[in-house]
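Got a structure for you, questions after.
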Amino acid sequence: MEREIDLVACDVDGTLLFDYAPALPASTLEVIGQLLDQGIKFVPASGRAHDSLCKLFGPLAPRMTLVANNGTIAYRDGEVVFRSVMDRALGDELIDAMLANDDCEALVTGARTSYMQPKNPAFISFMRETVGFDITIVDDLKAVDEPYTKISAYYPSRDIDEKPWIDRFGSRCSIATAGFGWLDVMPLGTNKALALSAVLEQLGVAPENAMALGDARNDLEMLQLVGLPIAMQDGDPRTIAAAARTTANAEDELRKLLV
């Protein structure tokens, strides 16, 4: 092991979980539990919402700090310990732009639920049953009565080109792809690393004593922050370039920390 590791920050989809599997492998949960018992802090850092992370990690979740919504919000002991909020007018503009695309669905993620104004009922069942989100259906996304943290565009049938979105909105917000068909938009300067930096300070862990694992563009800054960055070998080239090494199996990397 290259250095003493006190905390592991780990992406979920594409790193621990693949193809929207409904549950994490039992062996993965076992290893994470052993790390926690050993005193190593484990921080899931995901584009998923809080409720979805709680379902995935089950009884282990209360023992963790959860970085959700691509770093716009973090929870410990069920309470919000970090939050980044988007300008309301900008959020409204993003929602209009997403809904104007016939093949695009929009998702507004709140602190305890995610909101949708679906065009296709299949999007509802996909988010509730496959992804495991708590979903609230609304007639008007712009009337949601809580601050915008993350707003996502989802193209069910094709991968997304982030460039037009960056060209139009990139000077006013943070934009990152988050797996096939997904584009996440956060407040300017917000990413997983911003939330993780706050978590590290709160927990008294130096960045050089943290390890991070991820695969997608939205993991890049998180890997750049820590002392031991590891990318999935089939991940985004930008994330791979920021890693100390690559791996085919994140669980194997977690096992290396066990003593």
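Every number here is computed from the coordinates shown, using simple stated rules; none is lab data. This one's a predicted model, so the numbers in the text were calculated from it and none came from an experiment. Note that each Cβ is placed from the backbone with ideal geometry, even for glycine, and that neighbours are counted across all protein chains shown.
In whole Hz, with x marking every Gly and Pro, tabulate ³J(HN,Hα) for the range 149-157 from phi via Karplus 6.51 cos²θ - 1.76 cosθ + 1.60, θ = phi - 60°.
Working through the residues one at a time gives 10, 10, 10, 10, 9, 10, 10, x, 10 Hz.
Which lysines does K55 reach when only Cα atoms under 23 Å apart count, and residues fewer than 8 places away in its own chain are ignored?
The qualifying lysines are K41, K150, K192.
Kirkwood-based Rg over Rh for the chain (C-alpha set), two decimals?
0.95
Whats the longest run of the chain with zero GluC sites (Glu not before Pro) that are DSSP loop and have at most 12 other Cβ atoms within 10 Å?
The longest uninterrupted stretch comes out as 5-259.
Charges at C-beta only: +1 for Lys and Arg, -1 for Asp and Glu. How large is the resulting dipole of the chain about its Cα centre, in Debye rounded to 20?
Dipole magnitude for the chain comes out near 320 debye.
Any number yet on Rg/Rh for the range 47-111, C-alpha, Kirkwood?
A ratio of 1.08.
What FRET efficiency would be calculated for the residue pair A241, A206, taking the C-beta separation as r and a Förster radius of 30 Å, to the nearest 0.05?
0.80
Between the helical axis of 26-37 and the dominant principal axis of the chain, each derived from Cα atoms, what acute angle in degrees is found, rounded to the nearest 10?
So the inclination is approximately 60 degrees.
Per DSSP H run of n ≥ 4, the term is -39500 (n - 2.57); total these for the chain, divide by its residue number, and report the mean residue ellipticity at 222 nm rounded to 500 deg cm²/dmol.
-7500 deg cm²/dmol
For the chain, give me the percentage of DSSP beta bridges that are antiparallel, rounded to the nearest 5 percent.
55
Counting only C-alpha contacts under 8 Å and six or more residues apart, can you give the relative contact order of the chain as a whole percent?
Over the chain, the number comes to 21 percent.
Also, quick follow-up: Using all Cα-Cα distances in the range 88-187, what percent lands in each 10 angstrom bin from 0 up to the longest?
15, 54, 29, 1
Over the range 162-259, how many percent of alpha carbon pairs lie in each 5 Å bin up to the one with the longest distance?
Pairs per bin, as whole percents: 3, 13, 21, 21, 20, 13, 6, 2, 1, 0.
How much length is gained on full extension from D139 to D102, taking 0.36 nm per residue of separation minus their Cα-Cα distance?
11.6 nm
Along the positive direction of the dipole of the chain (beta-carbon charges: Lys, Arg +1; Asp, Glu -1; about the Cα centre), which of C173, A45, A21 reaches farthest?
Looking along the dipole axis, the top candidate is A45.
OK, next. If you build a Gaussian network model of the chain, linking Cα atoms that sit under 10 Å apart, which residue out of A89, A231, A106 swings the most?
For the chain, modelled as a Gaussian network with Cα springs under 10 Å, the answer is A89.
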